[in-house]
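Shown next, in structure tokens, is the structure this report addresses.
The values are calculated or read from the model by the stated rules, or taken from the named source; none is laboratory data. For clarity, every value in this text was computed on a predicted model and none was experimentally measured. Note that each Cβ is placed from the backbone with ideal geometry, even for glycine, and that neighbours are counted across all protein chains shown. Note: areas computed on protein heavy atoms with side chains; ligands, DNA, RNA excluded. Shrake-Rupley method; radii C 1.70, N 1.55, O 1.52, S 1.80 Å.
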Amino acid sequence: MSNRKWKFTFIDAIIVVFVVVLAVLFAKKLMMAQRLTFQDTELEIVLRAEQQYPFVLKHIRVGDLVYQKGSLSPIGQVVRVSVKPATAIATNLHTGELTERIVPDRYNVYLTLTTNGIVSLNGNVIVDNNVLFVNKYLVVHTHRVYLPTRVISIEDKG
């Protein structure tokens with residue numbers, strides 16, 4: 001009998017199994033990536049700027065583009081502006097009770113923005129590569145004014 005020039009050894013079997021496992025892992029990863037494609041959705045975000053001076057009210061208008069501080073692309077457009085008198089919580093020194101009182105000559109400004117973004121798997125909203133969530137501090141600006149704001153609500157309009 002003639003000797004074979006090529007033999008299938010145990011090391012060859014390990015290499016074949018390793019290549020098959022890598023191919024299966026790559027296929028699973030590719031299928032997962034295809035399932036995780038996110039669609040842009042229309043979002044309505046409400047921001048609150050607290051205790052602003054009266055001159056600020058003239059500089060915020062419906063239709064203004066709103067930018068995040070340091071960004072060149074807008075994160076949304078103002079569709080509604082509402083103003084309420086600012087309040088502050090004070091402590092009564094005699095009784096220890098908390099009382100809410102109106103701050104003179106200051107206003108809380110509520111901005112409602114519409115924007116396009118994606119909703120992540122855990123429910124957070126991603127707009128302009130930034131994750132937005134309720135109570136996030138966000139410095140926004142229009143072409144006329146900078147405003148330190150907090151995100152009050154985020155609603156998915158689909």
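Descriptive notes on the structure:
- Hits in the stretch 72-103 - residues which are among the hydrophobic types (A, V, I, L, M, F, W, C) and within 29 Å of the chain's Cα centre (by Cα): 72, 75, 78, 79, 81, 83, 86, 88
- Any hit, the stretch 62-76, residues being over 24 Å from residue 130 (Cβ atoms) and either open to solvent by less than 60 Å² (accessible area, probe 1.4 Å) or of a type in the set (D, E, K, R) (or both): no
- Pick from the stretch 39-71, criterion in a helix (DSSP H, G or I) and touching a residue at least 12 places away in the same chain (Cβ under 8 Å), ranking: farthest from the chain's Cα centre (by Cα): 54
- Residues being hydroxyl-bearing (Ser, Thr, Tyr) and more than 30 Å from residue 112 (Cβ to Cβ) - total across the stretch 1-49: 2
- Selected residue (criterion: most open to solvent (accessible area, probe 1.4 Å)) from residues of the stretch 34-61 that are closer than 19 Å to residue 124 by Cα and of a type in the set (A, V, I, L, M): 36
- Strands (runs of 3 or more DSSP E) (entirely within the stretch 79-150) containing at least 1 residues that are under 19 Å from residue 40 (Cα atoms) and open to solvent by less than 100 Å² (accessible area, probe 1.4 Å): 98-119, 125-127, 130-132
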